[in-house]
1. How are the C-alpha pair distances of the stretch 86-129 spread across 5 Å bins, as whole percents from the shortest bin up?
2. Taking the chain as a Gaussian network, where each spring joins two C-alpha atoms under 10 Å apart, which residue of 109, 244, 63 fluctuates the most?
3. At 222 nm, what value in deg cm²/dmol follows for the chain if DSSP H runs of at least 4 each add -39500 (n - 2.57) and the sum is divided by all its residues, to the nearest 500?
4. Quick check: residue separation of residue 256 and residue 198 times 0.36 nm, minus the Cα distance between them. What number comes out in nm?
5. Kindly provide the Kirkwood hydrodynamic radius of the stretch 137-237 in Å, to one decimal, from all pairs of distinct alpha carbon atoms.
6. How would you rank 269-279, 231-241, highest first, on the average number of other Cβ atoms within 10 Å across their residues?
7. Radius of gyration and Dmax for the stretch 268-310's Cα atoms, expressed in Å?
8. Can you sort 52, 86, 255 by how many other beta carbons sit within 10 Å, fewest first?
């Protein structure tokens, strides 16, 4: 049976940037490097032919969003499709796309906004399956969190204040900007700083930041420590059924292995449907494969799993990015989805 594999930890990313201009420069430099590598043929490194018995390596950002991968292993969905897979846990989400392009990984996982950013720069990536969609407000697994005694009572009050996000360009960052905008505030007047999810609760409680954009399991942990939910995050920022996380691969890999991709999609969609029906199974695999404490795994708000990969679902996130100056022009969402 396939099991997760933990590769050597990638080089630590640079210190968090405190302004959108610095982030944009850093992101542009990273994308320029990727484009240069792709031009030199690294994108073609993904065009390896998968034969019977070959291992398919999947880069997994270890969040509850990708629990269907664990279910697909545990419940035999990959095995029934004749696929031998190996999960590589990626602490640095930014390393997933380059590894897919150069063939070190065959499949990647991502939140929608960094995937869109990569596509907008011309990288030959395609979305192949949906992982999660935007949850209804009452079930939102994400939130803006403030200290219990904070004077901030609504998102627009964050103007002139400091908000922690897990990365400038990450989906919680995009959502926080839009949630403030939807509440009548100016996200350009907010200072966003990069803070690891695990450190956000204490940063809020100690006053190092005024609010944090959190997702599970860190949201429940922050509440247990005494912090307060200011507002739902994804539910406030994105339209219902927007795609929030997805599975992707490189176009040359699809062209070389169309049947392998089709079998992967069938397996992960089957497991995704199972995740919807059996949340207790999700908790079990998050503990076994994701390394989550069983008590925490059984008590968190789960994301909304969905198997319908649609252009509209991706475009809705792209529109929010465009509104907040994170894209220069709309994306053709239909063109970035692999339709088998």
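Rule-based calculations on the coordinates, nothing more; no lab input. Since the model is a prediction, treat every value here as computed from it, not as a measurement. Here Cβ is always computed from backbone atoms with ideal geometry, including for glycine, and neighbour counts include all displayed protein chains.
1. Taking all Cα pairs of the stretch 86-129, the binned fractions are 5, 22, 35, 28, 9, 2 percent.
2. In this elastic network of the chain, the residue with the biggest mean-square fluctuation among 109, 244, 63 is 63.
3. Values: 14 runs with 132 residues, N = 340.
Here the helix-only value at 222 nm equals -11000 deg cm²/dmol.
4. Extra length available between residue 256 and residue 198 comes to 16.9 nm.
5. Working: mean 1/r = 0.0785 Å⁻¹.
Value: 12.7 Å, from the Cα pair sum.
6. Numbers: 269-279: 18.1, 231-241: 21.9.
Per-residue mean Cβ counts within 10 Å order the peptides as 231-241, 269-279.
7. Looking at the stretch 268-310, its Cα Rg and Dmax stand at 10.8, 34 Å.
8. Values: 52 6, 86 15, 255 12.
If I rank by nearby Cβ atoms, fewest first, I get 52, 255, 86.
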